[in-house]
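The values are calculated or read from the model by the stated rules, or taken from the named source; none is laboratory data. Quick caveat: nothing in here was measured; it's all calculated off a predicted structure. With ideal geometry, Cβ positions are generated from the backbone for all residues, glycine too; neighbour counts draw on all protein chains shown. Areas reflect the complete protein model, heavy atoms only, side chains present, ligands, DNA and RNA absent. Shrake-Rupley method; radii C 1.70, N 1.55, O 1.52, S 1.80 Å.
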Amino acid sequence: MSKPIAIQFGAGNIGRGFIGWLLHESGYHVIFSDVNADLVDEINRQKQYDVILAEENQTTTVINDISAINSQKNPEQLQAAIKEAEIITTAVGPTVLPYLAENLAAGIELRANEQPSSLVIIACENMIGGSESLKEAVYPLLSDKGVAYADKYVRFPNAAVDRIVPDQHHDNPLTVMVEPFYEWVVEKPKDEGITIPTISGMKLVDDLEPYIERKLFTVNTGHAVTAYLGYMKEIESIEDAIHNERILFAVRSALEETGALLIKKYQFSKKEHEEYIDKIINRFKNPYISDYVVRVGRSPIRKIGANDRFVMPAKQYVEAFNTTPKALSHAIAAALLFTYDGDHEANDLQKAIKENGLDATITAYTGIEPYTKLFEEVKEAYLELA
């Protein structure tokens, strides 16, 4: 009997080292879909790859029974695979996610003409509501018949994912190293009609929001603060940056602010959340997964957006406690000071500050209104750090 099919959009390090691995461990034949022709060809040639845990023993797992499709060159082949799949996952990045919609819609149309069977599509991205966002891109491309089919048989449950995969190079281009820690939390569909397949390492919950915000406001916030302050001090790696006492203090201060918010908002145990913060900081200290601050800090415009790791908790903090979060304000300022030439968003941000002024840039990119206490705190921090 042939194995059920899982499709993983994105054959990069996260796709292979995290989601693809867990799908393989759950008994699926995993088909990777990517636009990188060399990567696709290599997967189809080797038909397996190694995942190495970033720890002293460097335990290695062989992932086999895999194949790959070039979604750009062979869309019909991909759509035919979508017709047969039981589960589809993504790890392509929030900006690329909408571009998957066309092939997904075409594949769903093919399913609508066959014997009905359920399909679960999960966006495993660093964003809130990723699967819902993907659904909103897919549905307008469906026919009335496709919409009726999708309403009945297709579900897009949102997910929160967490695993650090550092920048790396290996002799074998498919080999990937990942940290031992991971978290994959998926929201249960509200209706009884469709159940999510049992996936090794996946946790199903009734309400995803607390897990998404805990991860975003702790892991992503802490990682980015470490990167931007490390860059300002001309420190190259996350590991070296987090061992700097001043940076460690700033990171912990920011996570204490987001932690206070999360504890109040979701009634998390104070003791358990403090232990979670300690665990996250210790992950940043892991010498086997240390990353470059310029890579972790890339895309500062996205990171200072109104619904991302700095501004979203900062605004909620103001509402919850009627006071301004100083550490988060400094973090936003540090992101505004990320001047790395190798990142186009950093270049665009610096250009905006130069041409439009600091005040207009803060409001344009963060959504923080002028003359508010949070705005003044961010501006003051910027002038202090500059």
Could you calculate the FRET efficiency of Asn57 with Glu272 from 1/(1 + (r/R0)^6), where r is the beta carbon distance between them and R0 is 30 Å, rounded to 0.05? 0.60
So what is the relative contact order for region 246-368, in percent, with contacts set as C-alpha pairs under 8 Å and at least six apart? 27
Excluding ligands and nucleic acids, what accessible area in Å² is computed for Leu248 using a 1.4 Å probe, to the nearest 10? 50
Solvent-accessible area per residue, Å², over region 209-385 with all protein chains present [probe radius 1.4 Å]: 47
Dipole size in debye (nearest 20) for the chain around its Cα centre, Lys and Arg Cβ +1, Asp and Glu Cβ -1? 440
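When only C-alpha pairs under 8 Å and at least 6 residues apart count, what is the relative contact order of the chain, in percent?
On the way: 672 pairs, mean separation 46.2, N = 386.
That works out to 12 percent.
Report, in debye and to the nearest 20, how large the dipole of region 5-206 comes out about its Cα centre when Lys and Arg carry +1 and Asp and Glu carry -1 on their Cβ.
Value, rounded to 20: 460 debye.
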Classify region 209-385 as rounded, prolate or oblate from the Cα gyration tensor: take a ≥ b ≥ c as the square roots of its eigenvalues, call it rounded if a/c is under 1.5, otherwise prolate when a/b beats b/c and oblate if not. oblate
Restricting to bridges with both residues inside the chain, how much of the DSSP beta-bridge set is antiparallel, in percent to the nearest 5? 25
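Return the subset of Lys315/Lys373; Lys3/Lys135; Lys271/Lys315; Lys215/Lys264; Lys47/Lys83 for which the Cα-Cα distance in this structure is over 18 Å, preserving the input order.
Lys3/Lys135; Lys271/Lys315; Lys47/Lys83
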Among Tyr211, Asn282, Gly342, whose Cα projects farthest towards the positive end of the dipole of region 209-385, with charges put on the beta-carbon of Lys, Arg (+1) and Asp, Glu (-1)? Tyr211
Could you work out what % of the accessible surface of the chain is carbon and sulfur, using a 1.4 angstrom probe and leaving DNA, RNA and ligands out of the count? 48
Using 7 Å Cα-to-Cβ label points, what is the Glu183/Thr323 separation (nm, one decimal)? 2.6
Which whole-Hz ³J(HN,Hα) couplings does region 287-303 yield from phi under the Karplus relation 6.51 cos²θ - 1.76 cosθ + 1.60, θ = phi - 60°, glycine and proline marked x? x, 7, 10, 4, 10, 7, 5, 6, 6, 5, x, 4, 6, x, 4, 5, 6
What accessible area per residue comes out for region 5-206, rounded to a whole number of Å², with a 1.4 Å probe? 43
Pick out the long, greasy-scoring helices in the chain: whole DSSP H runs spanning 27 Å or more along their own axis by Cα, mean Kyte-Doolittle at least 0.0. 245-266
Length-normalised contact order of region 110-203, Cα under 8 Å, at least 6 apart, in percent, tallies to 27
Restricting to bridges with both residues inside region 5-206, how much of the DSSP beta-bridge set is antiparallel, in percent to the nearest 5? 25
Ile263 neighbourhood, Cβ < 13 Å, K/R = +1, D/E = -1, net charge -1
In nm, to one decimal, how far is the modelled label at Gln72 from the one at Val96, with both set 7 Å along Cα→Cβ? 1.1
